[in-house]
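One structure below.
The values are calculated or read from the model by the stated rules, or taken from the named source; none is laboratory data. Given the structure is predicted, the values throughout are model-derived calculations rather than measurements. We place every Cβ from the backbone using ideal geometry, glycine too, and count neighbours over all the protein chains shown. SASA here: full protein model, heavy atoms, side chains in, ligands and nucleic acids out. Shrake-Rupley method; radii C 1.70, N 1.55, O 1.52, S 1.80 Å.
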Amino acid sequence: MSEGRGSLWSATFSRRPAVPAPHRPPFALFLGFTALALGAGDLPPVRAAEAPPSRLASGATRLTEAALASDHAWTRLSELCDGIGHRLSGSASLERAIDWAAAAMRADGADSVWTEPVTVPRWVRGRESATMVTPGPHTIAMLGLGRSVGTPPGGITAPVVAVKSFGEFEALPDDAVRGKIVLWNVPFTTYGPTVRYRSQGANRAGRRGAVASLVRSVGPIGHRTPHTGNMAAYNDSGPRVPGAAVSVEDAERIQRLLDRGEEVRVRLEMEADTLTDGTSRNVIAELRGRERPDEIVVVGGHIDSWDVGQGAHDDGGGCVISMEALRLLVALDLRPRRTVRVVLWTNEENGVRGGEAYAKNHGKDPKRRHVAAVESDGGVERPVGFKLTVRQQGPGGSPDSTDAARTAEAVARLKTLAPLLASIGADKLESGGGGADIVPLMKLGVPGVEHQTTMARYFEWHHTEADALSAVDPGELKKNVAAMAVLIWALAEMDGTL
Ligand SMILES: [Zn+2]
């Protein structure tokens, strides 16, 4: 501990001469002026014990100690996950979760807490099942995909054709696809390359005359747990065929039967439907800055989840981590220079309407500038650090691409905070950050910071019944709270901005 504190002090004092404080001895004042004259390389060695830690550093230490000592985050996450449960857009449980979060942040002592209406899609799952009827019958573990249409009453029964890539699919003759159920049996590598089959599978299958689309679940292992998630919007030009995910074990079973030359027939029954849009809300809580209240550091997660499991890692944890950061600032009487805003965005999972609405309502206000937007949406395994990206702006830049020069400058400034995060092990600070809910702000030039955990097991639980509080480690939750509280404090308190 003492070693960490020493390096933290020296990092703070090596950046610039220390601010003279009334209780500091004249020698330290002299040292400060000497530093200006000589440059850091010529300074006589200074023992850290000679100077008190800066407000920034001492605040970080206090936040870390308080976060690691408190079970409050765990209690909050249990209230959300066990007391309310999963919370898909359009559901009563999502609105209960929003009311709960607003009340919790009022109780925590935020200066103001309010909600803002957001129009959200309402997709409902209804009853659903998949059965292998030949050879069979065998019940397939499945979950319909968000946006999917349902099947006609009585379901769709058809032979299955399995493929392992879009290329293999496009190479099939038309009569191998028409009238069939397509199984996208693509083993998980990383999320990006595999999730394309969940997104695009139904559109591609429908366009070639298939009657339904099944995707092998987007996850690294089985446990016979299907993973839901959103599909891309249907193409207006093609037929709308239903899409569902099946467990890894069921996908492999079908593949083995087909490889042996057997016919596999599946009956898919889904009541899925898209209702008219509904109204949900973003929740916003604010701790006003003591010196620069019009500079805003935003931190948050998404309050909605899929309609399975408890939305513990995705993203109840991110919400609670953000709420706790603000609570600890209030509890420790650490009012930073800038304003801290916790935003719990609604509808990330199947629309990102909350993130878009927040940026539209607040991102272009010339009087209240967002200096950083931080999102926690990578679960609550052990924290490792934060990633940062600044996007290109202005007429010369593409609105979606990284501004390499500004990102490098901002990452360099972010790295000066590493000593504050080292004792938590969350000091890996690098480029490459984002987050679905903060991308709309990032497109307006706001530096986007992504909370990073190991994500060692995240995609085993992602969008499944297994994303429950039992999959969260209370000790790791505390470390994440500590990392986020320190980062937010530092971004809101540091001399300059990113
Ligand atoms: Zn999420």
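A few notes on this one:
- Within straight-line cross-link reach of Lys164, lysines at Cα separation under 28 Å, skipping those fewer than 8 residues along the same chain: Lys180
- Note on Lys415: aspartates and glutamates with a C-alpha under 16 Å away, same-chain residues under 8 apart excluded, are Asp427, Glu430, Glu450, Glu493, Asp495.
- Net lengthening on full extension, Asp82/Thr190 (0.36 nm per residue, minus Cα-Cα): 35.9 nm
- In the range 256-313, trypsin sites (Lys or Arg not before Pro) in a DSSP loop with at most 14 other beta-carbon atoms within 10 Å: Arg260, Arg290
- Note on the range 215-264: Cα convex hull, mean projected area over all directions, 4.6 nm².
- Rounded to the nearest whole Hz, the Karplus-based 3J(HN,Hα) values (6.51 cos²θ - 1.76 cosθ + 1.60, θ = phi - 60°) of the range 194-208 follow the sequence 8, 5, 4, 6, 5, 5, 9, x, 5, 4, 5, 5, x, 4, 9, with x at glycine and proline.
- Cα centroid separation - the range 166-235 against the range 316-391, whole Å: 34 Å
- Alpha-carbon Debye profile of the range 62-121, log10 I(q)/I(0) at 0.25, 0.29 Å⁻¹: -1.10, -1.20
- Near Gly219, once Lys and Arg are set to +1 and Asp and Glu to -1 for all other residues with Cβ below 14 Å from its Cβ, the sum equals -3.
- Net charge over other residues, Cβ less than 11 angstrom from the Cβ of Gly126 (K, R count +1; D, E count -1): -3
- Extents of the chain, taken as max minus min of Cα coordinates on every principal axis and listed largest first, are 88, 46, 43 Å.
- As a rough guide to protection, the peptides 68-75, 413-420 ranked by mean Cβ packing within 10 Å, highest first, stand as 413-420, 68-75.
- Based on C-alpha pairs under 8 angstrom that are at least 6 apart in sequence, the range 46-184 has a relative contact order of 12 percent.
- The range 244-346 - Rg and Dmax from Cα coordinates, angstrom: 23.1, 73
- Cα extents of the range 74-164 along the three principal axes, largest first (Å): 62, 30, 28
- Legend: Rg and Dmax of the range 191-233, from Cα coordinates, 11.0, 32 Å.
- Relative to the longest principal axis of the Cα atoms of the chain, the long axis of helix 92-107 lies at roughly 10 degrees.
- Phi-based couplings in Hz for the range 126-138 (Karplus 6.51, -1.76, 1.60; Gly and Pro marked x): x, 6, 7, 6, 9, 10, 7, 8, 9, x, x, x, 9
- Gyration tensor over the Cα atoms of the range 127-223: the corresponding equivalent ellipsoid has semi-axes (square roots of 5 times the eigenvalues, largest first) of 20, 18, 13 Å.
- In this simple spin-label model, placing a label point 7 Å from the Cα along the Cα-to-Cβ direction at both Asp273 and Arg368 gives a separation of 4.0 nm.
- Of the whole protein surface, Glu252 contributes about 70 Å² of accessible area at a 1.4 Å probe radius.
- Building the convex hull from the alpha-carbon atoms of the range 349-420 and averaging its projection over directions returns 7.1 nm².
- Normalised by 2.2 N^0.38 Å, where N counts its residues, the alpha-carbon radius of gyration of the range 377-498 equals 1.13.
- Eligible aspartates and glutamates near Lys364 by straight Cα distance, threshold 20 Å, same-chain separation 8 or greater: Glu116, Glu286, Asp294, Glu295, Glu356, Glu375, Asp400, Asp403, Asp437
- Relative contact order, percent, the chain [alpha-carbon distance under 8 Å, six or more residues apart]: 20 percent
- Most tightly packed first, judged by the mean number of other beta-carbon atoms within 10 Å of their residues, the peptides 460-471, 123-134 read 460-471, 123-134.
- Contact order relative to length of the range 118-277, as percent, for alpha carbon pairs under 8 angstrom and 6 or more apart: 40 percent
- A helix-only calculation puts the chain at -10500 deg cm²/dmol for mean residue ellipticity at 222 nm, using -39500 (n - 2.57) for each DSSP H run of at least four residues, averaged over all residues.
- One quarter of the convex hull surface built on the alpha carbon atoms of the range 202-303 amounts to 11.7 nm², the projected area averaged over directions.
- Carbon and sulfur %, accessible surface of the chain computed with the full protein complex present, 1.4 Å: 53 percent
- Cut-off 13 Å between beta-carbons: net charge of the residues surrounding Val264, Lys and Arg +1, Asp and Glu -1: +1
- Two-decimal Rg to Rh for the range 277-414 - Kirkwood Rh, Cα set: 0.97
- The stretch between Glu116 and Ala176, if pulled fully straight at 0.36 nm per residue, gains 16.6 nm over its current Cα-Cα span.
- Between Phe166 and Ala69, the simple spin-label model (points 7 angstrom out along Cα→Cβ) gives 5.5 nm.
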